[in-house]
Amino acid sequence: MRKHFGFGALAVASAAILAGCSSSPSTDSGESGGGNGEGGAEIVIWTDAEREEAIKDAAAAFEEESGATVTLVQKNFEDLRADFIAQVPTGEGPDITVGAHDWLGALVAAGVVDTIDLGDKAGEFEQVALEAMTYEGQLYALPYSLETVALLQNTALVGAEAPATWDEMIQRGLEAGTERPFVINTNAETGDAYTMYGFQTSFGAPVFVQDESGSYTTQVGMGGAAGEAFAQWLHANGSAGTGYISTTVDYDINNELFNSGQAPFTIQGPWAVSALPDVDITVNPIPSAGGQTAAPFVGVQGFYLSSQSENALLATEFLVNYLATEEAQRALYEADPRIPAYTALAEEVASDPIIAGFLASSQNGVPMPSIPEMGSVWDFWNAAQSQIINGADPVATWNQMITDLEAELAG
């Protein structure tokens with residue numbers, strides 16, 4: 001399971017999706033918050049090594065046109081969230097920080113981020129990316145990249161055409177004559193609800209209910225008949241049924257079975273493609289198992305505005321008119337290629353079929369919930385799925401999970 005999104009190397013002919021975080025933080029200047037520099041107002045931006053170079057050009061243009069100073073502070077990505085929450089209330093934090101969307105609930109709860117208004121610029125970004133950065137109906141960050149899982153298929157064994165349904169995919173896998181028709185990571189006995197989520201949503205059983213704005217409520221959405229139907233499907237394809245889904249498969253075994261041609265279909269993210277060098281891969285949206293569109297989790301990264309910024313108007317001006325531009329979004333993509341949240345650029349880089357496949361999957365997807373309650377879900381959810389795959393009564397096990405989870409959330 002991947003609770004935190006990040007690309008690994010994606011080795012493809014026409015584009016490489018590379019991600020990672022700086023392991024040796026350094027600073028271009030001091031780590032003080034926004035204030036007044038020698039030449040006038042100053043905005044401080046926290047970033048990691050990958051994004052720093054891309055931001056410099058936009059920062060230079062902003063400095064020239066506004067007369068303000070932009071100070072970039074390079075930090076280790078893994079430290080950004082905790083440091084931001086700790087330092088913003090003291091006045092030592094930045095005006096802007098780069099970050100992942102699943103931090104949003106914690107940042108709002110800590111009172112360290114402010115809303116932003118993109119105005120007409122909002123229409124230039126992928127809707128799922130905007131939804132990911134929205135909390136209780138308010139947009140809190142400028143999105144710039146996204147990622148998700150998709151269906152990877154061995155083109156030599158099953159062709160490039162996307163199967164529309166689980167049954168069609170399995171039939172084509174069986175006709176390929178491989179050891180298995182399909183393989184999916186279950187994180188072995190732990191369970192991997194993250195990777196399985198596209199299939200679950202195709203039954204109409206979201207982890208939490210979304211309101212009209214796309215924000216997640218705290219209402220658990222995977223109970224009732226839809227959740228039970230998914231659980232029954234999971235059981236039917238586990239050890240007590242077809243065996244197509246197995247808790248003997250972890251991340252590495254999954255990749256080995258697919259890379260060696262023993263399974264022609266799998267569900268994976270772009271971070272795994274570099275581990276699959278022996279396969280001519282086609283990437284397609286996840287097929288539906290329950291009759292509705294399979295909507296996998298989407299992870300988004302972007303730029304947050306501090307609630308304690310002393311120059312909030314300047315910082316917002318920089319975000320909206322200097323980073324929310326095709327030029328700046330292209331620089332970010334070229335410095336650290338991830339699927340762009342900026343629609344025109346996303347369509348351009350989707351000339352690469354691998355990227356196009358992941359983009360298509362993300363357009364079916366939903367943001368992974370950023371509400372604090374999501375942290376309570378994983379252990380219950382993963383364990384129930386693992387037990388059901390291993391033959392436990394699907395309805396009773398699933399409903400007990402819902403009961404336990406709701407009690408945890410109520411406590």
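What follows is calculated from the coordinates using simple rules that are stated; it is not laboratory data. Note that the structure is a prediction, hence the values are computed from the model and not measured. Ideal geometry is used to build each Cβ from the backbone, glycine not excepted, and the neighbour counts take in all protein chains shown.
Tabulated values for the structure
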| read-out | value |
| --- | --- |
| Percent antiparallel among DSSP beta bridges (both partners in the chain, rounded to 5) | 75 |
| Largest-first principal axis extents of the Cα set of region 309-401 (Å) | 55, 43, 20 |
| Estimated inter-spin distance, D57 and D252, nm [label 7 Å along Cα→Cβ] | 4.1 |
| Residues of region 253-267 with amide N under 20 Å of a point placed 7 Å along Cα→Cβ from S239 | 253-254 |
| For L151, residues with placed amide H under 5 Å, excluding near neighbours | N284, I286 |
| Dimensionless Rg ratio for region 272-356, taking C-alpha atoms and the 2.2 N^0.38 Å reference | 1.48 |
| Pair E179, Q219: separation of 7 Å Cα→Cβ label points (nm) | 4.6 |
| Helix runs (DSSP H) in the chain reaching 30 Å along axis by Cα, Kyte-Doolittle at least 1.6 | none |
| Least to most buried among W233, W398, W46, W381 (fewest other Cβ within 10 Å first) | W233, W381, W398, W46 |
| Set of region 383-411 residues, backbone N closer than 20 Å to the point 7 Å along the Cα-Cβ line of V209 | 399-411 |
| Average silhouette area of the chain, convex hull of alpha-carbon atoms, in square nanometres | 19.1 |
